[in-house]
1. Within the set of pairs 6+ apart or on separate chains, which have a first residue in the stretch 140-151 that is without any contact (Cβ under 8 Å) to a residue 60 or more places away in the chain, a second that is surrounded by fewer than 22 Cβ atoms within 10 Å (Cβ to Cβ), and C-beta atoms under 6 Å apart?
2. Please go through the stretch 122-132 and pick out each residue that is in contact with a Ser or Thr (Cβ under 8 Å, 6 or more places away or on another chain) and open to solvent by less than 20 Å² (accessible area, probe 1.4 Å).
3. Considering 241, 210, which residue is of a type in the set (A, V, I, L, M, F, W, C) and farther than 28 Å from residue 171 by Cα?
4. Here's a check for you: in the stretch 35-59, which residue that is among the hydroxyl-bearing types (Ser, Thr, Tyr) and closer than 23 Å to residue 198 by Cβ is surrounded by the most Cβ atoms within 10 Å (Cβ to Cβ)?
5. Kindly indicate which of 73, 14 is closer than 27 Å to residue 187 by Cβ, surrounded by fewer than 24 Cβ atoms within 10 Å (Cβ to Cβ) and aliphatic (A, V, I, L, M).
6. Just name the residue that is most open to solvent (accessible area, probe 1.4 Å) out of those in the stretch 178-217 that are free of Cβ contacts under 8 Å to residues at least 12 places away in the same chain and within 30 Å of residue 86 (Cα to Cα).
7. List the pairs whose first member sits in the stretch 102-114 and is open to solvent by 60 Å² or more (accessible area, probe 1.4 Å), whose second member is not in a strand (DSSP E or B), and whose Cβ atoms are under 7 Å apart, counting only residues at least 6 apart or on separate chains?
8. Could you grab the pairs with beta carbons closer than 6 Å, sequence gap of 6+ or different chains, first residue in the stretch 266-280 and closer than 13 Å to residue 135 by Cβ, second one at pLDDT 95 or above and part of a loop (DSSP other than H, G, I, E, B)?
Amino acid sequence: MSVRQESATWAGTLRRHIIPTGLGPCTVRVQQGTGFPAPATVEVYLHGAAGSWTTFQPLLADPSPRDRVLIDLPGWGESTEGARLEHFGIEAMARAVTEVLACLGYPRWNLVGHSMGGFLALHIAAAWPERTASVAAISATTFGVSEAVREPLSSLSRFPAFVGMRLLMRSLAALGPAGLALVRAVGATPVMGPLTSPLFADPAGMSAGVVRGLGRDARPASFSAAARAVAHYDFDQWRGVRCPVLATRGDTDVFTSLSDLDRLDATIPDVRTVTIPRCGHFANVEQPEHVQQLLKELWSL
């Protein structure tokens, strides 16, 4: 494991680690908490299939008593080199996350996952219930997206943005390095704004940096692998989640439907569902103060 310190004025000093996992080397950033003695439970942030650890920067402006662990999952962000996408699956990704946390010496976790990261957090909570203290699933892509992967044509009217994005990502992934280069080129142009506008409640209110970041973080092959992994997932596993769960969506969310929250409510024993107003799929970017308040309430239980 290698370690490097980085300064980040928005959230204090980060220590950057590269940790080996079964899916390849994983780049991780750790922010030390302010609590003394340090709480045994750590905050773990898991990004979505179109993101990286930077997705959560707006949530980290205020210090936390707990250490924070921000992971670039294998295949995304700075964890693309050596990623074994041929072995990708929800179970394998969950093991990679727990390998990272074991290497860092953290025995218990508050999991915060966005989009695919929310799906992954719920799986980890079901598979390691004794170690998971809570889950915050922010616009988790669950039942509806799984159905859209299996039956894209019949799901087109309900999830047009996801079906279209998956088709685009599959096409770009088939091009190999040329597809990734095309994403990078388009991501640096004004065209990226209209392409990403369905993801936000107020696209005009999103900074150019946020929009460019989505282009920079896009990984067509990894996105496609993640979509395949959720197609036949057994959601009954989530009935074994023992910790409190917060599940949110935006009121204009194109990937996470109200019916997804209803089905989570019927599946998970202890869940609070919230629809965030004036928000699309990226509540951690669009409404960070609202999400921070919800997290405080979750962690005070």
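The values are calculated or read from the model by the stated rules, or taken from the named source; none is laboratory data. None of the values given here were measured: they were computed from a predicted structure. Cβ sites come from the backbone with ideal geometry, for glycine too, and all protein chains shown count toward neighbours. All accessible areas refer to the heavy atoms of the entire protein, side chains included, with ligands and DNA or RNA removed. Shrake-Rupley method; radii C 1.70, N 1.55, O 1.52, S 1.80 Å.
1. As it stands, the answer is 147/155; 148/155; 148/163, since those pairs meet every condition given.
2. Once the filter is applied, which keeps residues that are in contact with a Ser or Thr (Cβ under 8 Å, 6 or more places away or on another chain) and open to solvent by less than 20 Å² (accessible area, probe 1.4 Å), the stretch 122-132 yields 122, 124, 125.
3. Matching residue, one of 241, 210: 241.
4. First, pick out the residues of the stretch 35-59 that are among the hydroxyl-bearing types (Ser, Thr, Tyr): 41, 45, 52, 54-55.
Keeping just the survivors that are closer than 23 Å to residue 198 by Cβ gives 52, 54-55.
On the way: 52: 24, 54: 17, 55: 26.
Ranking the candidates gives 55 first.
5. Values: 73 fails: surrounded by fewer than 24 Cβ atoms within 10 Å (Cβ to Cβ).
The conditions single out 14.
6. 195
7. Partner pairs satisfying both residue conditions: 103/1; 107/40; 107/131; 108/40; 108/131.
8. Correct list of pairs: 268/241; 270/244.
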